[in-house]
Amino acid sequence: MSRDLLRGLDPAWSAGEPARLIAQHPARAAELAALDPPLATLYERGAAVLAGARDAAELRERHVALLGRERGVVSLALAELPALTVEERRARGRALNLTKRWLTEIEEARRAQLERDAESKDALDVTLPGRKPWVGRPHVLAQIRDELLDLFHGLGYSVYLSPEVELDEYNFGKLNFPPDHPARDAHDTYFVNQQVVLRTHTSPGWVRAMEERKPPLRLVFPGRVYRAEQVDASHMDQFHQMDGLCVDRDVSMADLKATLNTFARSILGREVTTRLIPIYFPFVEPGCQLDVACAICGGGGRVRGGEGEARCPVCKGAGWSELLGAGMVHPNVFRAVGYDPEEVTGFAFGMGLERIAMARYGIPEIRLFLENDLRFLGQF
Ligand code: PHE
């Protein structure tokens, strides 16, 4: 053979291992070596550079050089056949056809392999650890509110919402606060005008509900309330309450106590230490207050700080913190809404949601609830 068949192939081209693509490759190379040694050399080199193409573009380039119809080395060798003797022509013609077929097979196999590789590079690797999306959540007070709504729902209570901007008459008058009574001072009211206030508690909801509906009633009244308080670690001028009201025939203080115990154990845990003490509210008689041992000082009233021992800043040394007020609905409240106190009795309670969260999680500072600092809120 006069021409150097390998001339069209760049010696710098990367080589691969054709036997990994086509298992019969070594046998084929041996068959060609017996038939036509120069062509066997071309086949070996051609097979190696096709198998070693690193991407589709390299494969194309090597295809053109080897098998291209115009300038490919195989086509050029075919074009030389007429110059050969009859015997030479027969042997070479057969060897060239085999070379062409087998190189084409290797090229196809390499192309398929490159495509598979490209796909698996983009593919989803399900064994990698996932990227966790940031998920928001309800505010800790909303979580407590919802938990309480769930609890009271289970006890047969429905939700009643009443306005934050309330008539003085509903916030105080119909709840049996006499005009100019000092109990009003304890509420440090924000007045909108003479008749209108920002509600200082969620109890006015009872009045609205009872004026609208006939007994029996079992309702809870969640919402935000306002008081012109001196702000400190345990007082804010806005906070959240949830009142409850149960009115029926023969409702007693024992029912109230059982309800409060169910509440305290469910929300603060079975081990919680509470006490129920008598206290005055104009709208209940008798009235009582449920206290929980202070979560910060554990009931001792003192805490250890940087400068030694000090009075507990949250309970102010009392050792207890007030969780809720409660009592039997005052007959005057029933009269104000047109219920007959000889016919029905009822109990009511009102709790502060911030206080509950502070007692449950040991939060020392009520202002944290309103600051919207995610380092705080993210913990719940
Ligand atoms: N409304 C009272 C307060 O805000 C709490 C309370 C509710 C007391 C129901 C007794 C009965 O202080």
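The values are calculated or read from the model by the stated rules, or taken from the named source; none is laboratory data. None of the values given here were measured: they were computed from a predicted structure. Note that each Cβ is placed from the backbone with ideal geometry, even for glycine, and that neighbours are counted across all protein chains shown.
Can you spot a residue in the range 56-64 that is in contact (Cβ under 8 Å) with a residue 40 or more places away in the chain, basic (Lys, Arg), within 30 Å of Asp117 (Cα to Cα) and surrounded by 18 or more Cβ atoms within 10 Å (Cβ to Cβ)?
There is at least one residue in the range 56-64 that is in contact (Cβ under 8 Å) with a residue 40 or more places away in the chain, basic (Lys, Arg), within 30 Å of Asp117 (Cα to Cα) and surrounded by 18 or more Cβ atoms within 10 Å (Cβ to Cβ).
Quick test for you: out of Asp255, Asp243, pick the one residue that is within 11 Å of the ligand (Cβ to nearest atom) and either part of a strand (DSSP E or B) or in contact with a Phe, Trp or Tyr (Cβ under 9 Å, 6 or more places away or on another chain) (or both).
Exactly one of Asp255, Asp243 is within 11 Å of the ligand (Cβ to nearest atom) and either part of a strand (DSSP E or B) or in contact with a Phe, Trp or Tyr (Cβ under 9 Å, 6 or more places away or on another chain) (or both), namely Asp243.
Keeping to the range 12-32, report how many residues are in a helix (DSSP H, G or I), without any contact (Cβ under 8 Å) to a residue 60 or more places away in the chain and either crowded, with 16+ Cβ neighbours inside 10 Å or aromatic (Phe, Trp, Tyr) (or both).
Result for the range 12-32: 2.
Give the range 331-341 a look and list any residue that's in contact (Cβ under 8 Å) with a residue 40 or more places away in the chain and assigned to a helix (DSSP H, G or I), or say none.
Pro331, Asn332, Val333, Phe334, Ala336
Right, Asp180: modelled with pLDDT under 95, more than 12 Å from the ligand (Cβ to nearest atom) and not in a loop (DSSP other than H, G, I, E, B) or not?
Spelling it out, it is not the case that Asp180 is modelled with pLDDT under 95, more than 12 Å from the ligand (Cβ to nearest atom) and not in a loop (DSSP other than H, G, I, E, B).
If you check every pair at least six apart or on different chains, which have Cβ atoms under 7 Å apart with a residue in the range 260-274 that is on the phi < 0 side of the Ramachandran plot first and a residue that is polar (S, T, N, Q) second?
From residues that are on the phi < 0 side of the Ramachandran plot, the pairs are Ala264/Thr274.
Counting only residues that are at pLDDT below 95, part of a strand (DSSP E or B) and not β-branched (Val, Ile, Thr), which one in the range 260-293 is nearest to Glu322 (Cα to Cα)?
Taking the candidates together, the pick is Asp291.
Would you pick out the residues in the range 342-372 that are within 16 Å of the ligand (Cβ to nearest atom) and part of a helix (DSSP H, G or I)?
Within the range 342-372, Leu353, Glu354, Arg355, Ile356 qualify.
Just to check your reading of the model, which residue among Arg110, Arg145, Arg92 is outside the structural domain of Ser14 (by TED's automatic domain parsing), in a helix (DSSP H, G or I) and surrounded by 15 or more Cβ atoms within 10 Å (Cβ to Cβ)?
Arg145
Looking only at the range 194-232, which residues are aliphatic (A, V, I, L, M), out of contact with any helix residue (DSSP H, G or I) (no Cβ under 6 Å at 6 or more places or on another chain) and not in a loop (DSSP other than H, G, I, E, B)?
Val196, Leu198, Ala209, Met210, Leu217, Val225
Quick one: Phe283 ticks every box in (1) of a type outside the set (Ser, Thr, Tyr); (2) within 16 Å of the ligand (Cβ to nearest atom); (3) surrounded by fewer than 16 Cβ atoms within 10 Å (Cβ to Cβ) bar one, so which box is it?
(3)
Inside the range 164-177, can you point out the residues that are surrounded by 15 or more Cβ atoms within 10 Å (Cβ to Cβ) and either within 12 Å of the ligand (Cβ to nearest atom) or touching a residue at least 40 places away in the same chain (Cβ under 8 Å) (or both)?
Answer for the range 164-177, where residues must be surrounded by 15 or more Cβ atoms within 10 Å (Cβ to Cβ) and either within 12 Å of the ligand (Cβ to nearest atom) or touching a residue at least 40 places away in the same chain (Cβ under 8 Å) (or both): Asn171, Phe172, Gly173, Lys174, Leu175, Asn176, Phe177.
Please go through the range 322-340 and pick out each residue that is more than 14 Å from the ligand (Cβ to nearest atom) and over 14 Å from Leu175 (Cα atoms).
Scanning the range 322-340 gives a single hit, Asp340.
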